Amino acid sequence: MTISSVAEFTGLTKGFISQVERGLASASVTSLAAICDALTMPMGRLFDPPKIYVNRRADRAPAALMGEGVSDTILSPPGQSDVQVIETWVEPGGGFEPEPYRLPVDREFVVVLAGELELRIEAETFLLEEGDSMSFAARHAHIWRNPSETERSRVMWVLTSHV
């Protein structure tokens, strides 16, 4: 929002809002509440410390999530619910087949770091090669596999959810 829009919504002056924004003036609780209301932001968010998550490599354990010939490692830190990052190694011919699945998240993003990945979403099949990536709604039924007969694939999945 522009300063003018916030001023019009709150009844505060543009000059005062500009000074608050630049840290040159302090707002009363009433003024802060009005500004937060204009921005559709809960006032408590002003006082929340930033959420920082760390997941050290040495603390990660392999995860057995899905599929045959698959080794998964969850890279996102425990406690983080809006995004999950998974590194997957897929042996030749390995993958998640034959039954398509859906995930209870909003979106999936996948990038092939090494090798290839064949991904079928509903009735459409995609062959992704090293460096290729794609994103799709996780509610669509999908399966995936490493189509190579000799090379392992390394894939990174990013799953996102609105919190």
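Just to be sure, is Glu118 open to solvent by 60 Å² or more (accessible area, probe 1.4 Å) and either in contact with a strand residue (DSSP E or B) (Cβ under 6 Å, 6 or more places away or on another chain) or part of a strand (DSSP E or B) (or both)? So Glu118 does not fit the description; no. For the condition of a type in the set (Gly, Ala, Ser) and within 30 Å of Glu97 (Cα to Cα), Gly69 qualifies. As a summary of the residue check, Glu108 satisfies the conditions (1) buried (at least 17 other Cβ atoms within 10 Å of the Cβ); (2) within 26 Å of Arg57 (Cα to Cα); (3) free of Cβ contacts under 8 Å to residues at least 40 places away in the same chain except for the one numbered (3). Candidates in region 121-148 are the residues that are of a type in the set (D, E, K, R) and assigned to a loop (DSSP other than H, G, I, E, B); of these, the one that is farthest from Glu87 (Cα to Cα) is Glu122.
Checked against (1) under 21 Å from the mean Cα position of the chain (by Cα); (2) outside any strand (DSSP E or B); (3) of a type in the set (Val, Ile, Thr), Val85 passes all but condition (2). Residues of region 109-123 that are closer than 13 Å to Glu97 by Cα and touching a Pro at 6+ places or on another chain (Cβ under 6 Å): Glu118 alone. Scanning region 62-82 for residues that are assigned to a loop (DSSP other than H, G, I, E, B) and touching a residue at least 12 places away in the same chain (Cβ under 8 Å) yields Leu65, Met66, Gly67, Leu75, Ser76, Pro77, Pro78, Gly79, Gln80, Ser81, Asp82.
Within region 66-82, the set of residues being open to solvent by less than 100 Å² (accessible area, probe 1.4 Å) and more than 18 Å from the chain's Cα centre (by Cα) comprises Met66, Gly67, Gly69, Val70, Ser71. Selection of region 129-161 for residues being closer than 15 Å to Val110 by Cβ, open to solvent by 40 Å² or more (accessible area, probe 1.4 Å) and not charged (D, E, K, R) yields Gly131, Ser133, Ser135, His140, Met156, Thr160.
The values are calculated or read from the model by the stated rules, or taken from the named source; none is laboratory data. Keep in mind the model is a prediction, meaning the values are calculated, not measured. Cβ: placed from backbone, ideal geometry, glycine included. Neighbour counts: every protein chain shown. Accessible surface is based on the protein model in full, side chains and every heavy atom, while ligands, DNA and RNA are left aside. Shrake-Rupley method; radii C 1.70, N 1.55, O 1.52, S 1.80 Å.
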